[in-house]
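Structure first, commentary second.
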Amino acid sequence: MKVELSPYTPSWRTDFERHRTIIESALSGCRPTIDHIGSTSLGDIAAKPIIDILVGLTGGQTLDTAVEPMGRAGYTHIEKFNAGMPYRRFFVKLVPLREIPLPTVIGMDDVLAFGRDYNSVANIHVMMRGTHHWMRHIAFRDYLRAHPEVRQAYQALKRRIAAMDFSDPLEYNAYKEDFIATHQEIAVAWYGRLQATGKGVADADGPASGNDGRRIPD
């Protein structure tokens, strides 16, 4: 099985906005921040056509606050990921690949069937806003937006990996881990310097900016 990358398309931004509207309504009582992250947010590189969305909850709430309303909004909770990443609740928008009911929750004992029974068109990462794990996603995105040479190197790596055969499409992510870990550490330090000086990405490195066109969030 090969992972298919698609050329960048502006419709990814439209897809993000559609999901943001749904999530804002579902979590209206939480007043979340909602950001487009991942490769589809970078503006000019190939990616799997899956919209990654970062949802930041504020103090006084718990991550589990999001589970029931996200389910009602049509997103599947991958509960089995909670143990490995307790700082996150992960949801997907599934589309069926054959005529079977889609799961509403994928629990610890359930088998992931991406590429066989269903695929995801959106991945939603719910975290507490302002935490390190929330911030590193914002920092990595903004760093890649502001540094085209790193962004193009990331695309080249993704294309090499996509040429490989996988028994499970999730294996694709493992081959990106070293690149992401290296550049994410650099990105977090870079982001911290911008925060310390009160600059947004547009002030520091060109036209791209954080928070989908606004200044980097405080």
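FYI, it's all coordinate maths here, none of it is from the lab. Just so it is clear, the structure is predicted and the values come from calculations on it, not from any experiment. Ideal geometry is used to build each Cβ from the backbone, glycine not excepted, and the neighbour counts take in all protein chains shown.
Remarks
- Of the peptides 34-42, 132-140, the ranking by mean beta-carbon count within 10 Å, highest at the top, reads 34-42, 132-140.
- Net +/- balance of residues flanking Met127 in space, Cβ distance below 12 Å, scoring K and R +1, D and E -1: +3
- Residues whose amide H falls under 5 Å from that of Tyr118, counting only those 5 or more places apart or on a different chain, are Leu97, with hydrogens built in the peptide plane.
- Rounded to whole Hz, the Karplus (6.51, -1.76, 1.60) HN-Hα couplings of the range 49-65, x for glycine and proline: x, 10, 7, 8, 10, 9, 10, x, 8, 9, x, x, 10, 10, 4, 5, 4
- Modelled this way, with points 7 Å down the Cα-to-C-beta line, the labels at Thr21 and Ala196 are 4.2 nm from one another.
- Cα gyration tensor shape for the range 73-139, rounded if a/c is under 1.5, else prolate or oblate: prolate
- Working from Cα pairs under 8 Å separated by at least six residues, relative contact order for the range 11-213 is 19 percent.
- Gyration tensor verdict on the range 63-103 (Cα atoms; rounded if a/c is under 1.5, prolate if a/b is larger than b/c, oblate otherwise): oblate
- Glu149 paired with Gln61, simple spin-label distance in nm, labels 7 Å along Cα-to-beta-carbon: 4.0
- Over the chain: helical MRE at 222 nm, DSSP H runs n ≥ 4 each giving -39500 (n - 2.57), nearest 500: -12000 deg cm²/dmol
- Shape call, the chain: gyration tensor on alpha carbons, a/c limit 1.5: oblate
- Alpha-carbon centroid distance for the pair the range 149-198 / the range 19-80, whole angstrom: 21
- Beta bridge orientation in the range 11-213: antiparallel %, DSSP, nearest 5: 60
- A full extension of the chain between Met85 and Phe179 corresponds to an added length of 31.9 nm, given 0.36 nm per residue minus the alpha carbon distance.
- Applied to the range 86-96, the Karplus parametrisation 6.51 cos²θ - 1.76 cosθ + 1.60 on θ = phi - 60° returns per-residue 3J(HN,Hα) values of x, 7, 9, 10, 10, 10, 9, 9, 8, 10, x Hz, with x for Gly and Pro.
- Dipole-positive endmost among Leu5, Gly192, Tyr175 within the chain (Cβ charges, Cα centre): Gly192
- For the pair Leu157 and Leu112, a Förster radius of 22 Å applied to the C-beta separation gives a FRET efficiency near 0.40, rounded to the nearest 0.05.
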